[in-house]
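Before any comments, here is the structure.
The values are calculated or read from the model by the stated rules, or taken from the named source; none is laboratory data. Quick caveat, the model's predicted, so the values are computed rather than measured. FYI the Cβ positions are ideal-geometry reconstructions off the backbone, even for glycines, and counts take in every protein chain you see. Quick note on the areas: whole protein, heavy atoms, side chains included, nothing else; ligands and nucleic acids left out. Shrake-Rupley method; radii C 1.70, N 1.55, O 1.52, S 1.80 Å.
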Amino acid sequence: MTKFLLAVHVLAAIVAVGPVTVAASMFPPSARKALAAPDDPRALETVRLLHRICRVYAGVGIAVPVFGIATASSMGVMGDTWLIVSMVLTVAAAIVLVVLVLPRQESLVEGGADRAVTVRLGMFTGIFNLLWATVTVLMIVRPGSTTGA
């Protein structure tokens, strides 16, 4: 059962978190392009699509920690420091996405923001991506793990 849970956890991370990190990274430059060319319907559609990808896959991404906790429980590593740090960073990434990234994307999609918002959005997106990259490294390296990896 542990291998199944681990496989679902990793697949969920790839399928859910991957699109959010890519779409969120593409959003600020696409929004700047749309702001620079307000008469270009394709630029606005791109921004809307990227925001929708971020929103939808953020919801799907809830499966990642759910299956991660199930996997960790089945492996008996819930108290390991690397896992606790990973869970804290995952919560931080979720907060950054929900509180700082998605609302700014929404304001840009609705037309209530300017270029300065895209700069801050790029910074928050970078923080979000850095948090996920750190979690990924912790999941691979597992410092202090007794599994020999």
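So the values come out like this:
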{"read-out": "Matching residues in the stretch 107-125 - criterion: being part of a helix (DSSP H, G or I) and either of a type in the set (A, V, I, L, M, F, W, C) or open to solvent by less than 60 Å² (accessible area, probe 1.4 Å) (or both)", "value": "SER107, LEU108, VAL109, ALA116, VAL117, THR118, VAL119, LEU121, GLY122, MET123, PHE124, THR125"}
{"read-out": "Cross-chain or 6+ apart pairs with Cβ under 9 Å, the stretch 13-30 first and within 13 Å of ALA63 (Cα to Cα) and modelled with pLDDT of 95 or more, then not in a helix (DSSP H, G or I) and not small (Gly, Ala, Ser)", "value": "none"}
{"read-out": "Qualifying positions in the stretch 38-82 - open to solvent by less than 40 Å² (accessible area, probe 1.4 Å), in a helix (DSSP H, G or I), aliphatic (A, V, I, L, M) and touching a residue at least 40 places away in the same chain (Cβ under 8 Å)", "value": "VAL47, LEU50, ALA58, ALA63, VAL64, ALA70"}
{"read-out": "Qualifying residue in the stretch 91-106 (condition: closer than 18 Å to ILE127 by Cβ and part of a loop (DSSP other than H, G, I, E, B))", "value": "no"}
{"read-out": "Among the candidates ALA92, ALA133, residue that is closer than 21 Å to VAL22 by Cα, open to solvent by 40 Å² or more (accessible area, probe 1.4 Å) and within 18 Å of the chain's Cα centre (by Cα)", "value": "ALA133"}
